[in-house]
Amino acid sequence: MGHGPYPNIPIGGGVSPQVQQWFRAVDKDQSGFITAAELKGALVNAQGQSFSDTACNLMIGMFDKDRTGTINVEEFDKLYTYVNQWLTVFKTYDVDQSGHIEEQELSKAMSQMGFRFTPEFINFLIKRSDPKDGRVSVDQFIVLCVQIQRFTEAFRVRDTQQNGTVTIAFEDFLNVALSCSI
Amino acid sequence: MAFQSPMPSRDFLMDIFRRVDKDRSGYISADELQQALSNGTWNPFNPETVRLMIGMFDKQSRGVISFEDFGALWKYVSEWQNCFRSFDRDNSGNIDRQELKNALTAFGYRLSDEVVGIMVQKFDRFGRGTILFDDFIQCCVTLYTLTSAFRQYDTDQDGVITIHYEQFLKMVFGLKV
């Protein structure tokens with residue numbers, strides 16, 4: 001089903017016409033596949049800036065099931081839904097609608113997502129994303145949340161006594177750090 | 001490290017600095033640095049690596065390199081070039097899995113093929129199973145950062161640490177700082 005270079009437009013069901021249209025607009029070279037670079041042209045945060053390279057690579061990586069480094073229209077449909085879900089979450093926590101999530105808003109977001117972080121750690125996350133202004137844009141927020149989810153899962157698997165600590169050897173540590181990060 | 005480069009003369013450095021500082025601002029920006037560096041292909045030098053180097057040598061945290069910082073940066077790049085060339089045994093202009101393993105062994109690591117494989121996968125930007133010069137720098141610096149973070153907790157130096165959740169997160173997140 002649609003492995004060639006031509007866009008695969010299903011007759012019924014499948015991808016909505018709007019998403020297909022958007023796909024065609026983003027697929028600048030009309031190859032039938034979207035690269036991270038083309039995606040960058042399509043995804044914009046509240047400040048009118050393109051999503052970061054990191055965020056775009058993450059998105060492609062998550063939805064590129066056949067490991068071609070690109071995504072087709074069906075994979076794009078899933079990505080589109082995913083990004084919109086995150087946008088909704090982001091807007092929920094961007095209470096002052098600044099287009100950024102500040103430290104307090106991030107703290108609330110993490111807490112409501114089920115994480116129990118100390119204020120020091122929230123501060124660390126904010127500083128890491130934006131050392132200057134201490135706030136997080138939607139693409140940074142997505143990258144942050146996805147990374148936290150991945151690392152938390154890796155930690156949980158190793159926390160055999162379920163007491164919030166792990167005993168980990170160097171190679172395993174490297175393995176986790178390299179595989180889970182973007 | 002056996003890849004030392006002698007520090008060149010001030011005139012020599014000034015000459016290079018001027019050529020890199022295309023807009024004659026008196027500072028080298030990330031873009032200018034990226035254009036000046038080559039990874040041996042026609043693809044632009046890895047922007048992550050450029051940011052990394054600016055971060056390391058930009059003493060005033062302005063996001064640019066002044067002439068004062070440039071000498072140290074130049075030396076750093078030269079030493080990496082020497083290092084890379086010495087491990088690119090077949091002179092292919094890139095480092096494959098085995099050459100990377102050799103390099104890491106020479107740096108003092110004892111890593112399994114599996115982890116070396118993961119490193120190639122992560123730093124090989126063009127999906128060819130090999131690592132270019134800019135990605136090699138990125139790979140080694142990342143490894144160094146992770147090793148340092150680990151070592152801080154490994155007080156008895158037995159290669160195993162016990163850490164809490166947030167400590168763990170900080171260590172693995174430390175990569176992007």
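Read-outs throughout are calculated quantities, based only on the coordinates presented, and are distinct from any laboratory measurement. The shown structure was predicted, so the numbers you read here are calculated from the model rather than taken from an experiment. Quick reminder, even Gly has a Cβ in these numbers, built from the backbone with ideal geometry, and neighbours come from all protein chains shown.
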Quiz item: Got the relative contact order for chain A handy, in percent, Cα pairs under 8 Å and 6 or more residues apart?
Solution: 17 percent
Practice problem: Please report, to one decimal in angstroms, the Kirkwood hydrodynamic radius of the protein assembly as shown built from all distinct Cα-Cα pairs. | Solution: 22.7 Å
Quiz prompt | Average beta-carbon neighbours from other chains, 10 Å sphere, peptide B:156-169 | solution = 6
Self-check item: Neighbourhood net charge (15 Å Cβ-Cβ; Lys/Arg +1, Asp/Glu -1) for B:Asp90
Solution: +2
Practice problem: Could you please rank A:Arg135, A:Arg158, placing first whichever residue has the fewest other Cβ atoms within 10 Å of its Cβ? | Solution: A:Arg158, A:Arg135
Quiz item: How much length is gained if the chain between A:Glu120 and A:Ala46 is pulled fully straight, taking 0.36 nm per residue apart and subtracting their Cα-Cα distance, in nm to one decimal?
Solution: 23.9 nm
Self-check item: Relative contact order (%) - region B:91-176, alpha-carbon pairs under 8 angstrom, separation at least six
Solution: 24 percent
Quiz item: What is the magnitude of the charge dipole of the protein assembly as shown about its Cα centre, with +1 placed on the Cβ of each Lys and Arg, -1 on the Cβ of each Asp and Glu, and no other charges, expressed in debye to the nearest 20?
Solution: 140 debye
Exercise. Report the normalised scattering of region B:8-87 as log10 I(q)/I(0) at q = 0.11, 0.24 Å⁻¹, calculated by the Debye formula with identical scatterers on the alpha carbons.
Key: -0.27, -1.29
Self-check item: Highest to lowest packing among A:137-143, A:62-68, scored as the average C-beta count within 10 Å
Solution: A:137-143, A:62-68
Quiz item: So if we plug the beta-carbon distance of A:Lys65 and B:Phe126 into 1/(1 + (r/R0)^6) with R0 = 30 Å, what FRET efficiency do we get, rounded to 0.05?
Solution: 0.90
Practice problem: Report the label-to-label distance for A:Ala25 and B:Arg19 in nanometres (one decimal), using points 7 Å from each Cα along the Cα→Cβ vector. | Solution: 4.6 nm
Quiz item: Hey, with R₀ at 35 Å, roughly what FRET efficiency would A:Arg156 and A:Lys91 work out to, going by the Cβ-Cβ distance, to 0.05?
Solution: 0.75
Self-check item: Around B:Lys59: net Lys/Arg minus Asp/Glu count, Cβ-Cβ under 11 Å
Solution: -2
Quiz prompt | For chain A, Kirkwood radius (reciprocal of mean inverse C-alpha pair distance, Å) | solution = 18.2 Å
Quiz item: Ranked highest first by the average count of other Cβ atoms within 10 Å around their residues, in what order do B:96-103, A:23-30, B:166-173 fall?
Solution: B:166-173, B:96-103, A:23-30
Quiz item: Quick one: Cα centre-to-centre distance for region B:59-74 and region A:158-182, in angstrom?
Solution: 36 Å
Exercise. Check cross-link reach from B:Lys101 to the lysines: straight Cα distance under 30 Å, and skip same-chain residues fewer than eight apart.
Key: A:Lys65, B:Lys75, B:Lys122, B:Lys170, B:Lys176
Quiz item: Can you work out ³J(HN,Hα) from phi for every residue in region A:143-149, in order, using Karplus 6.51 cos²θ - 1.76 cosθ + 1.60 and θ = phi - 60°, giving whole Hz and x for Gly and Pro?
Solution: 4, 4, 5, 4, 4, 4, 4
Practice problem: Compute the signed sum of charges (Lys and Arg +1, Asp and Glu -1) over the other residues within less than 12 Å, Cβ to Cβ, of B:Asp113. | Solution: +1
Quiz item: Averaged over A:160-168, how many beta carbons belonging to a partner chain fall within 10 Å of each residue's beta carbon?
Solution: 4
Practice problem: Can you tell me the relative contact order of region A:112-182? Whole percent, Cα pairs under 8 Å, sequence separation 6 or more. | Solution: 20 percent
Quiz item: What would the Debye formula give as log10 I(q)/I(0) at q = 0.12, 0.14, 0.19 Å⁻¹ for the alpha-carbon point model of chain B, no solvent?
Solution: -0.64, -0.86, -1.35
Self-check item: Euclidean distance of C-alpha centroids, region B:23-41 and region B:85-128, integer Å
Solution: 26 Å
Self-check item: Calculated from backbone phi, Karplus (6.51, -1.76, 1.60) coupling profile of region A:107-118 in Hz, x at Gly/Pro
Solution: 4, 5, 4, 4, 4, 6, 7, x, 8, 10, 9, 6
